[in-house]
1. Distance from the Cα centre of segment 122-139 to that of segment 183-223, in angstrom?
2. Give me the 1.4 Å probe accessible area per residue for segment 915-1038, excluding ligands and nucleic acids, in Å².
3. Can you give me the long-range amide H partners of His39? Hydrogens built in the peptide plane at 1.01 Å from N, cutoff under 5 Å, separation of 5 or more residues or another chain.
4. In whole Hz, with x marking every Gly and Pro, tabulate ³J(HN,Hα) for segment 519-524 from phi via Karplus 6.51 cos²θ - 1.76 cosθ + 1.60, θ = phi - 60°.
5. Can you tell me the order of 24-30, 601-607 when each peptide is scored by its average per-residue count of other Cβ atoms within 10 angstrom, highest first?
6. Counting each pair of different Cα atoms once, what's the Kirkwood radius of segment 348-471 in Å, rounded to one decimal?
7. Round to a whole number: what % of the accessible area of segment 836-935 belongs to carbon and sulfur, probe 1.4 Å?
8. Treating segment 941-1042 as a set of equal point scatterers at the Cα positions, no solvent, please give the Debye-formula log₁₀ I(q)/I(0) at q = 0.10, 0.16, 0.17 Å⁻¹.
Amino acid sequence: MRNLKLFRTLEFRDIQAPGKPQCFSLRTEQRTVLIGSDHGLIEIDPVAREVKNEISLVAEGFLPEDGSGCIVGIQDLLDQESVCVATASGDVILCNLSTCQLECVGSVASGISVMSWSPDQELVLLATGQQTLVMMTKDFEPIMEQQIHQDDFGEGKFITVGWGRKETQFHGSEGRQAAFQVQMVRLSALPWDDHRPQVTWRGDGQFFAVSVVCPETGARKVRVWNREFALQSTSEPVAGLGPALAWKPSGSLIASTQEKPNQQDIVFFEKNGLLHGHFTLPFLKDEVKVNGLLWNADSTVLAVWLEDLQREENCTLKTYVQLWTVGNYHWYLKQSLPFSTCGKSKLVSLTWDPVTPSRLHVLCQGWHYLCYDWHWTTDRSSGENSGDMANVAVIDGSKEVLVTVFRQGVVPPPMCTYRLLLPHPVNQVMFSAHPQKSNDLAVLDASNQISVYKCDSPSVDPTVKLGAVGGNGFKVSLRTPHLEKRYKIQFENGEDQEVNPLKLSLLTWIQEDVFLAVSHSQSSAQSVIHHLTVAPSETDDDSSVIVDGVIISLCCNSKTKSVALQLAGGQILKYFWESPSLAVEPWKNPSGFPVRFPYPCTQTELAMIGGEECVLGLSDRCRFFINDTEIASNITSFAVYGEFLLLTTHSHTCQCFCLKDTSFNTLHAGLSSSHLSKGESLRKVERGSRIVTVVPQDTKLILQMPRGNLEVVHHRALVLAQIRKWLDKLMFKEAFECMRKLRINLNLIHDHNPKVFLENVDTFIRQIDSVNHINLFFTELKEEDVTKTMYPPPVTGAVQPSKDPAGKKVDLVCDALRAAMESINPHKYCLSILTSHVKKTTPELEIVLQKVHELQGRDPFADSVAEEALKYLLLLVDVNELYDHSLGTYDFDLVLMVAEKSQKDPKEYLPFLNTLKKMEINYQRFTIDKYLKRYEKAIGHLSKCGPEYFPECLNLVKDKNLYKEALKLYPSDSQQYKDISIAYGEHLTRERLYEPAGLVFARCGAHEKALDAFLTSGSWQQALCMAARLNLTQDQLAGLGRTLAGKRGCSGSLKGELSQRFFCFFLSLDYEEAVVLLLEGAAWEEALRLVGKLLKSSLYYFPSAPPAQKNYMALLDSQTATFSRHKDRLLVVRELQEQAQQVNLDDEVPQGQESDLFSETSSVMSGSDMSGKYSQSNSRISARSSKNRRKAERKKHSLKEGSPLEDLALLEALSEVVQSTEKLKGIFSILMILFDEQGRELQKAFEDTLQLMERSLPEIWTPTHQQNSATPVLGPSSTANSIMASYQQQKTSVPVLG
């Protein structure tokens, strides 16, 4: 759905040269044009508008002086740096344009009618006057000569085995004789045929086709030859075949012309000579003749050169150049250029540029050269409100414009919504740039008339015909436009229109009565911006602005009214069309520098990016620019829609970006191949898709495939953006319908703004107004916040309304909607109310069943509603689950109601229900609860049945471990309470929970069982309490004390354990045994206090003293040895560190709090730095168990020689030795009091150890270490490593000896 739009015209008029031009050729390397005339060759530079070379062929005798000579072909030879010229007299001439030397490389006596070079310029083919074809190499060495007329079909002759012959077919009423009748088809050449052969090559140079008039039949035939000059095929007989011939460069078809009884057709041949398709020219028979057919380089445009035939005297004849394209197997006439057939504007020759596919070169008889540059564009309306109908206009045929309204429906081309009938061929279509009148359109035709169509009021216009949407029995709801006025554009010089039929280009409708157009200067590289205002019957050029440079594009922003111009050099200009002076200034970027595209762009748009208005451009090489920054190099199409930028890429994706808060870097990163976003901005599309349009205030994105068909996609970014807009406007119905159709999770309705939704649930219910849709919304509810998982907001860091922490989302929504529905119409929304109960986190099935049960029995209508509700519930909930819940209500009518609607067999549930009905009410409910495995409720009902059911209740309590629940059901002074407590205590005893078991026994008065449990657990306090309750004798109390003293399972430290034993023996009055046990446990203080207080005398012999003295002596020796070993190793480690620092002085890492700024791979690192490193690398350990953390801590400070933190580990070990030795001071003092000789020996050894440690402290904890330890841990200049280093140094700080 694209049109060919002219964006540049280059003219070179009145070339000063002798004779009349006959043909021309292009020199692509030099960007010049070679023109052949009846006098010689002329090389012109159309850009500089000068004649570069002029070579006369008359002076050398190759052409006659009277001007009757003819040049039949010119070809620029790049390899030979020469030009090959063939004359009709038979000479083949090589011309060196640098030296102007001529060389005749061959001559044909019979003359030459055609010279055609292969596309690779390796072969040249000559058609001679003797009806022969001569093939030569590029060095003009003959390869072969053959007759142009061949009797053989060719190597590709068809083979038939008789199937489908005419004799075997059914001929109906004609009878069998029709099979043997030979139909004579009259074949002859067209009256205006010049009988000259025509030659065309395939794009790869492997085949060429020749069209000649057969001398036997007098009609034209097309023969296909290969590169080796072997005949391949001959075309089937075609009546009225014309001389024009052109092989499509892609190689699929050969185009020619055919005159039929009532029409003129362009027909296509396959390589095998068979016809394959056609299209009809917009002319009648004998009205025009086709002089030539030309395919452009990429096979997308077919140029048809036509000329009027003389039918009446004194009639004005014209020549036409029509540009045709194909899409979806339909041929569109995109441009029609009328030229006069007399005077200077008569066409002599035309050709497509071999390098630039969309460039057409035209040569006129009056030595006028024209060059047209086209590009593909999509003409679409640019409105952004819901009133814009998303119109797309397509130029088709000579007098039609096809308009498709995509808001109403997607009509595949070549069909359309409606057609505009024009009196002349159409050259350009434009829509109004006014935001409120974007559906109005204007059409510029070949007669320079502007037809304005408006949609402001409904009316019937005969020039507007409905397309695919029309038909009998259909009511058209579309408002079609009507023709308001036709305006004629007046030019100052009428001759300009005759020479150049496309004087104006880039016509833009910027205001109600104002048009902008661009024309290019004939004599210099300047452009003129025409400010066209509408008069009653014509448009006047009120004012114009001359711009230095060739304007190749013009774009307008409908919101800001800005107009941007692009010059051929890439410069961007800003045109102030509303100012009185009509000034033009360079467009500047946010930095204040002029914007210039590195490459010319064929499509330009204006858009607001980050609050700045920017120019967007796409070149024909798929380079995409924003201002002067290249964003991507693989973009095939783009469109700006509101705040969104949509692009299609060569990687077959469609990407959508929000321009509101984006930047160039974000766009560049999002479009780079190495960073493909996987979110809502990216969507895969079919290969070769291009953007046609976006429906405003909707979610539809229209794409067109390479073959021409359309595809409608709903890009996720557009969908979510539109849904968010609807939700912000409380348009819940539109949002819901869109989400339901496009399968968007309905949780977004709530999660987008929970507070607003909960405040407007009434509006939501009234807008949706459908029970099924509300039920659908309920069924999709879940606790997940989809704005954080599935549909995050496009703007990074956007603040989303927080959820209500007071309750769960599903429960809140269900309760709010249910309250709203009950207040609006509870009967209408009955099913939705039931769904709100079922959908809650804990389904309220009992309430649902009760509400259904309440509906029954009221009236017949209520019964039908209840039945429908019950059927609906069976869809939501499993039937067995619903049956169980109905049974749990103890309402047998409700149970029967549910059971009847289920698939259950009555033989299964009726006997069970009958048995339940016969039971006592409490026992009945107990049975139901037990059946439903609701054991807590079951024992509650069973406890009300009487004492005779208590054994059953106790068994159930024991079986299901319901002791705590059962104890709540009976008074604490009842026998049932005691029995349950005893059973509970026995259960805890079996579970080895002796202390809780003892407490349970004690509460119910089972003191003996409690004493046994406390004895087993070692709880001596509780055991003594129970002993007091039992009134034990002195002997029993002493035995109890001995039993407790013998327990090793008591919790606490050794001192606490001995205190417990001492207290027990003190109660049993066995003092001597108590003192001995205290001494065995080294509880010296307790033993001394007991002896001094109770015995009032000193003990001279303690059997446990010598062993204790020996143990402490061994401990001191061990501590001394360990201290000396660690100290010696620490000195060695420090010496090794100093040596390493001297060796690696150049690589030394600065020490201190900023050491973490340097690389951790440095060769020299202090202990504190290594500590920081380890603290970082082991930070993941924090999530492990405490056991693993302690293990990791031990591994970090290892005493293994050579470990990274060995110095810190040694300092920690030395500190622990000193501190543990200091703690022994109190024990040795007691030993000195109790024992003389052993105490003195132990005291001396202790003093020696302390002196050794005091002397070693300055060596171990040096002043430098102490100074580092005093460094503050926290502060504004602290870092992670410095804090960890200070922490480790404090752990290894110098201990204090008292």
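The values are calculated or read from the model by the stated rules, or taken from the named source; none is laboratory data. On a predicted model such as this, the values are computed, not experimentally measured, just so you know. We place every Cβ from the backbone using ideal geometry, glycine too, and count neighbours over all the protein chains shown. Please note that ligands, DNA and RNA were not included when accessible areas were found on the heavy atoms of the full protein model with its side chains. Shrake-Rupley method; radii C 1.70, N 1.55, O 1.52, S 1.80 Å.
1. The distance from the Cα centre of segment 122-139 to that of segment 183-223 comes to 17 Å.
2. Ligands and nucleic acids excluded, the figure is 57 Å² per residue.
3. Amide H to amide H, under 5 Å and 5 or more residues apart or across chains, His39 pairs with Lys20.
4. My calculation for segment 519-524 gives 10, 10, 5, 7, 10, 8 Hz in order.
5. 601-607, 24-30
6. Result for segment 348-471 stands at 16.4 Å.
7. 51 percent
8. Debye output, listed in q order: -0.32, -0.69, -0.75.
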